[in-house]
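Engineer: The structure that follows is given in the form of structure tokens.
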Amino acid sequence: MSRSVIVSDQLPSLTRPYSYGVKAGGWIFTAGLLGVDAAGKVVGTTPGAPDVDAQTRQALGHLKTVLATLGSSVDRVAKVKSYLTDFRLFDGYNEAYRSFLKPPYPARATVGARLLRPNAVIEVEAIATVSGSPREIRSPRLAEAGSPVAQGATQVGDVLFVTGQIPHDAKGQLVGRGDMRIQAEQVLDNVGTVLEAAGFTFRDVIKINGTVPDWYGFNRYNEIFVKYFSEPYEARATIQGDLAGEGMLLEVEAVAARGRRRVVESAVAGVAHFSLKRREDTVYVGELPGAMAPHSHAVQVGDLIHLCGEIGYDASGRLVGPGDIRAQTRKTMENLALCMGALGGTLDDIVKTNVSITDYRMFEAFNEEYARFLSPPYPARTTVVGGLAQERMVVEIEAIAVLGASRDAVVVTGPQR
Amino acid sequence: MAASVVVDPGLAPPIGPYSYAVRAGRLVFLGGTPGTTAEGRMAGETLGRADLAAQTAEALACARRAVERAGGRWESLLRLNVFLEDWKRPQEFEDVYARLVPTPGPARTLVGYRLAQDSMLMEIEGIAGVDSVLDLTGVGGLAGRRMEPLAFLDGCLPLDATGKLAGQGDFERQAAVVCDRLERALAAAGMRPADVIRLRATLADVRDRPIWDAVLATRFRSAAYATAVVCSSLPLEAALVMAEVTAASGPKRPVGGAGDSGFPPALEAGGLLIVSGLLSLDADGRVLHPGDVSGQTEAVLERLETVLGMAGLGLGDVVQTQVTLADFRSYASYNAVYASRFRPPYPARSTVQAQLGGPGQQGLAIQLEAIASPGAASSATVVTAARSFFQHTTIDDGRSRCREA
């Protein structure tokens, strides 16, 4: 990816193939930011225990720096995604968060995941606009959020970022304990309520992120999912992670965008792909694997592209190298390149990736293979340890791209070591 | 339970209804011991980071103290289960372990679990003997310890002859290698597959459960043993299965007929009653009280009492329990039910978080494994701390939090 690189000496030095922030197409995408100091050490003052307050403040301080360097600020943040190693730290995280971000809050989702840095308990990434302020979308049919988040969503122009929706009814009570079907219905009803409040519909959704604490209910989630969505499907990713409330089986975040859409699909009919007719708005790629759930490979609206959680499967539906991080990373990056090529872009137009690997011990090998497909300055990136939807899968990569970012993006990095 | 209670003010106040160690006959059962100091804080003085080395040193010191107070010998550790929160710095743990645990040491199983408190990086539990024990070092490539009639083997990973992972990405192959290694180790110790009394498996992926059950149906077929399966993180990259075995020579008697997956709910052997991992399932394998830890804890304790009753025992004879929760946020609810059934002094207990059951069994909240020793109710020696952070609490909204020190 190109163009102008700003090296900020206020940010920790970088040793992995990613940048802290990328500005392209009027948006700023940040990497997952950790509570580490300039020397790369995790901060904290509590004896013998990781300090969520200090780490959150430090990470959000980095967020401020990244946004300021790229000409934006925290009040222009539309969406935050945070990864917390332990929900027992959630209150502490929210308290520190409130001291940095003021209402109206960005849309947010917080997922319990394992982080790669020893002693790091919180990692925060954000999407912000370069100009204007996101508008909060609320609905009286949704429960008030207990956390500092936009109750329903934030809207920036024609793009809507829906806060992570949970299986709570309008009174804030958990519904369907132990029953994925009921919970999925409540969650998607809530997403629908938010979309409606902003004047959007399910057909405008371009990206869905689902988090499940386990895979027992995955098929049931998909079963309910297709009652709400129809082809051409959105790009989607589902990872295994903890959720904020005990008993929750699903959390769903959505991004919706109005405008003419182009979609990338495999030429192979995927799971829940019922339509046999070829659509005008869709590019069919023979080399891509058939989707294993109701989603497409990529959706483009304007110059913004959301790619699904891409995985190491080939067009014949075979997982290349079961359990093999190198083979799967290579195939995953090839699949992302196929998607980008179909839309007239390249991997260097990717501005942000979200990576899930199943095991810490695979991180170095993953980085080596990943970097071979990209040219510096690298996209912003967040990597967490999480379980994946198919057996023997060890890596999944989601991406956001902006067509033209390979030429005119502005990138913030730290001092290289 | 118990004839005598030893109170040791040097041990950390427990955060649940459990004791540190229980001696029954020639065995000492050690409960889950984290690296918490007597003041109830996590060991480690470094600013801003949880210290695995300090926690390991503290946990091993506490465990030793508890074992010795109960009348056991640290040198006679038979089995030690080590629970690590993650695999980021395993060497920090290994260095301290090598310093504080004599070699040759106990049969050891290392598993990755989520633990009870946010800054807790490790915990251990185990069994020790009161007199000398026999080492099984180097037999069949798998170390272990023996104290007649019992034999304990190391947690067995799918390794080939050179110590490398066998069958990457191939569960069936890995499961076969694990069974082969266990059979060889048993043979080298002069035992047969039919001597297995407990086989506990950890799978990396819950979706492999049906394959594992199928493999077990063809291997160790002659054995009726107690069993338990959890899904959690394994100490070797890309390993999909690990199994831990206890064996005993002499007669064995299944208790309670065929239970889950065709295995008996409990087995009488080696002078003990070994209880399989009990789950809240109905007769058709469907989850009872899905997602409800209180209801499920009631159900598994009810089942435990039934099984104990069939062997002529009661809850007071239980010396050690090993509990797996699906979510630590249900710790308080689980403790409340647990403490309403067991009476103090409580059995030694460990609690970890992992995934339970198999495909189609969504909503399992708890699995409980137990060991009972006939007569423990009247003759055991129990080691407890002087204070406890655990109090009986009423659960009002079903959304209780873990009680923290």
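Just so you know, all these numbers are worked out from the coordinates, no wet-lab data involved. Note that the coordinates shown come from a computational prediction; the quantities given were computed from them, not determined experimentally. Quick reminder, even Gly has a Cβ in these numbers, built from the backbone with ideal geometry, and neighbours come from all protein chains shown.
Engineer: When only DSSP loop residues count, what trypsin sites (Lys or Arg not before Pro) in the stretch A:195-271 have their Cβ near at most 10 other Cβ atoms within 10 Å?
Structural biologist: A:Arg260
Engineer: Out of all DSSP beta bridges in chain A, what portion is antiparallel? Express it as a percent rounded to 5.
Structural biologist: Just about 70 percent of them are antiparallel.
Engineer: If I take every Cα pair under 8 Å that is 6 or more residues apart in the stretch A:212-303, average their sequence separation and divide by the length, what percent do I get for the relative contact order?
Structural biologist: 35 percent
Engineer: Same structure, new question: Would you kindly state the longest site-free stretch of chain B, with sites defined as trypsin sites (Lys or Arg not before Pro) in a DSSP loop (not H, G, I, E, B) surrounded by at most 12 other Cβ atoms within 10 Å?
Structural biologist: B:1-163
Engineer: If you don't mind, there's one more thing I want to ask. Can you list the GluC sites (Glu not before Pro) in the stretch A:121-179 that are in a DSSP coil and have 11 or fewer other beta carbons within 10 angstrom?
Structural biologist: Answer by residue number: A:Glu144.
Engineer: Going down the table (A:Lys102/A:Lys207; A:Lys81/A:Lys171; A:Lys79/A:Lys227; A:Lys171/A:Lys352; A:Lys207/A:Lys331; A:Lys23/A:Lys102), which pairs top 29 Å between alpha carbons?
Structural biologist: A:Lys171/A:Lys352
Engineer: Quickly estimate the mean residue ellipticity at 222 nm for chain A, helices only: each DSSP H run with n ≥ 4 gives -39500 (n - 2.57), and the total goes over all residues, rounded to 500.
Structural biologist: -6500 deg cm²/dmol
Engineer: I've got another one for you. Looking at the stretch A:274-417 only, what percent of DSSP beta bridges run antiparallel? Nearest 5 please.
Structural biologist: 75 percent
Engineer: Considering only A:Ala244, A:Ala257, A:Ala78, give the residue with the highest GNM mean-square fluctuation for chain A, with springs between Cα atoms whenever their separation is below 10 Å.
Structural biologist: Most flexible of the set in this elastic network: A:Ala244.
Engineer: Given the Cα atoms of the stretch B:156-209, and with Rh set as the inverse mean 1/r over their pairs in the Kirkwood sense, what is Rg to Rh to two decimals?
Structural biologist: In the stretch B:156-209, Rg relative to Rh is 0.99.
Engineer: So, one more: Count charges around B:Arg181 for me, please; just the other residues with Cβ under 11 Å from its Cβ, Lys/Arg as +1, Asp/Glu as -1.
Structural biologist: -3
Engineer: Quick one: if you stick a label point 7 Å off each Cα along the C-beta vector at A:Arg407 and A:Arg16, how many nm between them?
Structural biologist: 3.2 nm
Engineer: State, in angstrom, two size descriptors of the protein assembly as shown derived from its alpha carbons: Rg to one decimal place and Dmax to the nearest whole number.
Structural biologist: Gyration radius and largest Cα-Cα distance of the protein assembly as shown: 27.0, 81 Å.
Engineer: Once both labels are modelled 7 Å past Cα along the beta-carbon direction, what's the B:Arg253-B:Glu148 spacing in nm?
Structural biologist: 2.2 nm
Engineer: Which of B:Cys179, A:Cys339 comes first, and how do the rest follow, when ranked by fewest Cβ neighbours within 10 Å?
Structural biologist: Placing the least packed residue first, the sequence is B:Cys179, A:Cys339.
Engineer: Here is a further query. Given a Förster distance of 60 angstrom, what is the FRET efficiency for A:Ser275 paired with B:Arg89, based on the Cβ-Cβ distance and rounded to 0.05?
Structural biologist: Using R0 = 60 Å, I get an efficiency of 0.70.
Engineer: Less than 17 Å apart at the alpha-carbon level, and either on another chain or at least 8 residues along: which aspartates and glutamates does that give for A:Lys64?
Structural biologist: Output for A:Lys64: A:Asp9, A:Asp37, A:Asp53, A:Asp75, A:Glu123, A:Glu125.
Engineer: Another question, if that's okay. Rounded if a/c is under 1.5, else prolate if a/b beats b/c, else oblate: with a ≥ b ≥ c from the C-alpha gyration tensor eigenvalues square-rooted, which is the stretch A:1-119?
Structural biologist: oblate
Engineer: Shape call for the stretch A:275-417 from the C-alpha gyration tensor, a ≥ b ≥ c root eigenvalues: rounded (a/c under 1.5), prolate (a/b greater than b/c) or oblate?
Structural biologist: oblate
Engineer: Select from the stretch B:20-82 those GluC sites (Glu not before Pro) which occupy a DSSP coil region and have at most 13 other Cβ atoms within 10 Å, ordered by residue number.
Structural biologist: Qualifying residues, ordered by number: B:Glu39, B:Glu45.
Engineer: Turning to a different aspect of this structure: Can you check how the C-alpha radius of gyration of chain A compares to 2.2 N^0.38 Å, as a plain ratio?
Structural biologist: 0.90
Engineer: I've got another one for you. Apply the membrane-span-like helix rule to chain B: whole DSSP H runs, Cα extent along the own long axis of at least 30 Å, mean Kyte-Doolittle hydropathy at least 1.6. List the helices found.
Structural biologist: Long hydrophobic helices here: none detected.
Engineer: Evaluated at 10 °C with a viscosity of 1.306 mPa s, what Stokes-Einstein diffusion coefficient in µm²/s does the stretch B:28-127 have when Rh comes from the Kirkwood expression over alpha-carbon pairs?
Structural biologist: 118 µm²/s
Engineer: Using 0.36 nm per residue of separation minus the Cα-Cα distance, give me the extension gain between B:Ala188 and B:Ser340 in nm, one decimal.
Structural biologist: 50.2 nm
Engineer: Shape of the stretch A:121-174 from its Cα gyration tensor (a ≥ b ≥ c, root eigenvalues): rounded if a/c is under 1.5, otherwise prolate when a/b > b/c, or oblate?
Structural biologist: Verdict is oblate for the stretch A:121-174.
Engineer: How much of the DSSP beta bridge set in the protein assembly as shown is antiparallel, as a percent to the nearest 5?
Structural biologist: If I count the DSSP bridges inside the protein assembly as shown, around 70 percent turn out antiparallel.
Engineer: May I ask for the net charge around B:Gly291, where only other residues with Cβ less than 10 Å from the Cβ of B:Gly291 are counted and Lys, Arg are +1 while Asp, Glu are -1?
Structural biologist: -3
Engineer: Which net charge results when you count Lys and Arg as +1 and Asp and Glu as -1 among the other residues whose beta-carbon is under 11 Å from that of A:Gln186?
Structural biologist: Overall, the nearby charge balance is -3.
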